[in-house]
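To start, the structure itself, in structure tokens.
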Amino acid sequence: MSKPTLLILAAGMASRYGSLKQVDGFGPHGETIIDYSIYDAIRAGFGKVVFIIREEFLEKMKEVFDKKLEGKIEVDYAFQDFDLTKFGVNHVIERTKPWGTAHAVMSAKDKVNEPFCVINADDFYGSDSFDKMAKFLTTEVSDQQMSLMGFQVGNTMSDYGYVSRGVCEVSASGHMESVTERTNIYYKGEGDDRKIVYEENGVEYDLDPQTRVSMNFWGFTPKIFEVAQAMFPAFVEENKENLKAEFFIPSVPDYMVKHKLADFKVIPTSSKWFGVTYKEDKPIVQESISKLVVDGIYPEKLF
């Protein structure tokens, strides 16, 4: 079986963070969070990395990544844009925000022909996650059996505001029964009274800290492109007046499970995620990476 590909979602405008965090430095020598993900992916046996970006970011991304990755892993780029005709939609809809993470994945359909993993550019997942995903993508994956890395929501929070997570229902056999994108999960209360809640339609609901969530760390075959493209025109038609509507990745696996097109194995991890949703998160991430370097998990200089 060919080596799996790493697909990195890096097209966001980083509106909450305030700058192009995809190329911001967090490691001791200015390493980006993406650098650590790629380093882990190379160690785990991935053969190619594809960045999904806005085309206007290309020069900057190539400047940051191409030379240091040369000879270590194949590198390619796919562009997420507003041209819907390539996905069978003839509407011209003026938007300032892309159509979401599933639309971003669809944008790479001509770049990937092998099993692949999707991750966010601004999330640090840790080497254990990449090792487990690489093993799955080389020994278990099929068009009928895909996967997601299941994090505990309590290990994925920010102290500085809301986060978006795909909240999973998991069967006794360890497979996903459903996944629902919750875009407003946050801490409420202080000290011992602090709890995790999510808000929907102005109503707050409690969320158990052990709940498995998707951090957009998915294991797919190219079949996902076919299913997403079949779903997308109806989504656009339904949301053509809603300029903030987004076609999220979890909606595609959720559809596939409910229509018995594929099973999704939830690969459990107790790893503590960290990432940069807000500017205030940056020093915490820098400190966390520094400790991993001191502990010998990563070399001081990655590439």
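Out of the residues in region 229-271 meeting the condition of being under 16 Å from P98 (Cα atoms) and aromatic (F, W, Y), tell me which one is nearest to the chain's Cα centre (by Cα).
Looking at residues that are under 16 Å from P98 (Cα atoms) and aromatic (F, W, Y), I get F248.
P268 is checked against (1) more than 17 Å from Q144 (Cβ to Cβ); (2) open to solvent by less than 60 Å² (accessible area, probe 1.4 Å); (3) of a type outside the set (D, E, K, R); (4) out of contact with any Cys (no Cβ under 9 Å at 6 or more places or on another chain) and fails just one. What number does that condition carry?
So the condition that P268 fails would be (2).
Looking only at region 185-222, filter to residues that are within 17 Å of the chain's Cα centre (by Cα) and not hydrophobic (A, V, I, L, M, F, W, C); which one of those is nearest to V112 (Cα to Cα)? Please lay out each step first, then the result.
Initially, region 185-222 is screened for residues within 17 Å of the chain's Cα centre (by Cα), giving 185, 212-222.
Pick out the ones that are also not hydrophobic (A, V, I, L, M, F, W, C) and you get 212, 214, 216, 219, 221-222.
On the way: R212: 28, S214: 22, N216: 18, G219: 13, T221: 9, P222: 7 Å.
Of everything passing the filter in region 185-222, P222 is nearest to V112 (Cα to Cα).
So, in region 169-194, exactly how many residues are touching a residue at least 12 places away in the same chain (Cβ under 8 Å), assigned to a strand (DSSP E or B) and either under 30 Å from V141 (Cα atoms) or open to solvent by 70 Å² or more (accessible area, probe 1.4 Å) (or both)?
11
Residues that are in contact (Cβ under 8 Å) with a residue 60 or more places away in the chain and under 18 Å from M231 (Cα atoms): does region 72-86 have at least one?
Yes, region 72-86 contains a residue that is in contact (Cβ under 8 Å) with a residue 60 or more places away in the chain and under 18 Å from M231 (Cα atoms).
Sort out which residues of region 80-131 are among the basic types (K, R) and part of a helix (DSSP H, G or I), and write them in order of number.
From region 80-131, those among the basic types (K, R) are 86, 95, 97, 109, 111; that's our starting set.
Once the filter is applied, which keeps residues that are among the basic types (K, R) and part of a helix (DSSP H, G or I), region 80-131 yields only K86.
Could you check region 178-197 and list, in sequence order, the residues that are modelled with pLDDT of 95 or more and either among the polar types (S, T, N, Q) or under 18 Å from S251 (Cβ atoms) (or both)?
The one that is modelled with pLDDT of 95 or more and either among the polar types (S, T, N, Q) or under 18 Å from S251 (Cβ atoms) (or both): I185.
Just the residues that are among the hydrophobic types (A, V, I, L, M, F, W, C) and open to solvent by less than 40 Å² (accessible area, probe 1.4 Å), please, taken from region 195-230.
Quick first cut of region 195-230, residues among the hydrophobic types (A, V, I, L, M, F, W, C) only: 196-197, 203, 207, 213, 215, 217-218, 220, 224-225, 227-228, 230.
The answer is I196, V197, L207, V213, M215, F217, W218, F220, I224, F225, V227, A228.
List every residue pair whose Cβ atoms lie under 6 Å apart, where the two residues are 6 or more positions apart in sequence or sit on different chains, the first residue falls within region 285-300 and is open to solvent by less than 60 Å² (accessible area, probe 1.4 Å), and the second residue, located anywhere, is of a type in the set (D, E, K, R).
Listed pairs, sorted by first residue: V293/E300.
Name every residue in region 237-256 that is over 18 Å from L9 (Cα atoms) and buried (at least 20 other Cβ atoms within 10 Å of the Cβ), in order of residue number.
Within region 237-256, D254, M256 qualify.
Checking the conditions here, which among D76, D110, D122, D81 is exposed (fewer than 12 other Cβ atoms within 10 Å of the Cβ) and within 29 Å of S147 (Cα to Cα)? If you could, list the steps in order and put the result at the bottom.
Numbers: D76 fails: exposed (fewer than 12 other Cβ atoms within 10 Å of the Cβ); D122 fails: exposed (fewer than 12 other Cβ atoms within 10 Å of the Cβ); D81 fails: exposed (fewer than 12 other Cβ atoms within 10 Å of the Cβ).
From the options D76, D110, D122, D81, the qualifying one is D110.
Six or more apart or on different chains, Cβ atoms under 7 Å: show the pairs whose first residue is in region 242-261 and among the small types (G, A, S) and whose second is open to solvent by less than 30 Å² (accessible area, probe 1.4 Å) and not in a loop (DSSP other than H, G, I, E, B).
As it stands, the answer is A245/N239; S251/A102, since those pairs meet every condition given.
From the list G154, G219, G166, G150, which residue is in a helix (DSSP H, G or I), within 30 Å of A44 (Cα to Cα) and touching a residue at least 40 places away in the same chain (Cβ under 8 Å)?
On the way: G219 fails: in a helix (DSSP H, G or I); G166 fails: in a helix (DSSP H, G or I); G150 fails: in a helix (DSSP H, G or I).
The match here is G154.
The values are calculated or read from the model by the stated rules, or taken from the named source; none is laboratory data. Not measured: the values here are computed from a predicted model. Backbone-built Cβ (ideal geometry, glycine too); neighbour counts: all protein chains shown. SASA here: full protein model, heavy atoms, side chains in, ligands and nucleic acids out. Shrake-Rupley method; radii C 1.70, N 1.55, O 1.52, S 1.80 Å.
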